[in-house]
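Q: Okay, here's the structure, questions in a sec.
FYI, it's all coordinate maths here, none of it is from the lab. Nothing here was measured: the structure is a model prediction, and the numbers come from that model. Methodologically, a virtual Cβ is constructed for each residue, glycine included, from the backbone with ideal geometry; neighbour enumeration extends over all protein chains shown.
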Amino acid sequence: MDIPRIFNITESAHRIHNPITPEKLATLGRALRLEPGARVLDLGSGSGEMLCTWARDHGITGTGIDLSMLFTEHARNRAEELGVADRVKFIHGDAAGYVAEEKVDVAACVGATWIGGGVAGTIALLERSLRAGGIILIGEPYWRRLPPTEDAAKKCEANSISDFLLLPELIASFGRLGYDVVEMVLADEDGWDRYEAAKWLTMRRWLDANPEDEMVPQIRAELTSGPERYAAYTREYLGWGVFALMRRVEPRAQ
Ligand code: SAH
């Protein structure tokens, strides 16, 4: 049980598998005003950078679940490296349907909302692990500008324009689901470069080291065409952010 091998190759050197930078991840941790001992659940925790650094910086405890064996191993190593292995736990497995045994203060899915079948389904899944008054974190792309054609959307790694919303629409969609957006940290082009451009050196080194591998044609094609496509499309059109949500409570009838 694992994710498609292409990601384990192209993102093997990433600590953060999203366009958020270490600085912005730290900003998000501060913005949430995390208390020491706060419990955080992270579905699709990748290489564990969010939980490990927040455990170091804010004293949170956390559990991450990720389908990549490689990323999970990296997350456990990172926890050891930062001296927080007693506070964060990383489980290798499918996070679809995962519900924490003990309710958490923060329930997150940062850049992996397919786990719950989309944003609404993922919020519903996270809600099952969340204490009353807790915070849900959703990391999700949005269009900074609408791509002019469906073909342009595909070049931004989307299946179609309808996959993503414009930022105000995405924010409004959280409201329609019954949530206040109480914080947000948005990626910028530099953050996209850290996520996307970091794949290129990884791919180049992998190609040099694995000339006989069956994935060579695919990785070679991606390294040849990826940088230009990225500069023309994803970098121009696609935004990304982490949104902190709290369930709206209806005022009690007088
Ligand atoms: N939140 C992390 C990782 C985001 S990338 C970060 O910001 O760095 C998306 C992650 O989802 C990858 O690590 C991938 O391995 C994981 N993933 C994909 N499908 C999954 C599933 N069904 N269950 C758990 N993790 C999954």
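Q: Treating only the Cβ of Lys, Arg, Asp and Glu as charged (+1, +1, -1, -1), what charge dipole size does the range 49-102 show about its Cα centre? Round to the nearest 20 debye.
A: Computed charge dipole of the range 49-102: roughly 80 debye.
Q: Report the gain in length on full extension from residue 162 to residue 186: 0.36 nm times residue separation, minus Cα-Cα distance, nm rounded to one decimal.
A: Contour length minus the Cα-Cα distance gives 6.6 nm.
Q: Report ³J(HN,Hα) in whole Hz for each residue of the range 32-47, in order, from the Karplus equation J = 6.51 cos²θ - 1.76 cosθ + 1.60 where θ = phi - 60°; Gly and Pro get x.
A: Karplus-based 3J(HN,Hα) across the range 32-47 equals 7, 6, 5, 8, x, x, 4, 9, 10, 10, 10, 8, x, 7, x, 8 Hz.
Q: Most fluctuating residue of 68, 160, 129 in a GNM of the chain with Cα springs under 10 Å: which is it?
A: 160
Q: Relative contact order of the chain, please, whole-number percent, based on alpha carbon pairs below 8 angstrom and at least 6 residues apart.
A: Relative contact order for the chain comes out at 22 percent.
Q: Could you pull out every residue, at least 5 positions away or on a different chain, whose amide H is within less than 5 Å of the one on residue 45? Hs are placed 1.01 Å off N in the peptide plane, and Pro or chain starts have none.
A: Result for residue 45 returns 65, 66.
Q: Could you name the aspartates and glutamates whose alpha carbon sits less than 18 Å from that of residue 154, not counting residues in the same chain fewer than 8 places away?
A: In chain and number order, the partners are 140, 163, 196, 222, 228, 236.
Q: May I pose another question? Rounded to the nearest Å, what's the spacing between the alpha carbon centres of the range 90-169 and the range 1-70? Just the number, please.
A: Comparing the Cα centres of the range 90-169 and the range 1-70, I get a distance of 15 Å.
Q: Now, a different point. DSSP H helices in the chain with Cα extent of 15 Å or more along the helix axis and mean Kyte-Doolittle hydropathy at least -1.0?
A: Answer set is 216-232.
Q: Hey, how many Å between the Cα centroid of the range 181-198 and the Cα centroid of the range 218-254?
A: 8
Q: A further question follows. Residue 89: which lysines have alpha carbons under 28 Å from its alpha carbon, excluding same-chain residues fewer than 8 sequence positions away?
A: Cα-Cα hits under 28 Å: 24, 103, 199.
Q: List 200, 206 from most exposed to least, where exposure is judged by having the fewest other Cβ atoms within 10 Å.
A: If I rank by nearby Cβ atoms, fewest first, I get 200, 206.
Q: By counting other Cβ atoms within 10 Å of each Cβ, how are 103, 155 ranked from fewest to most?
A: 103, 155
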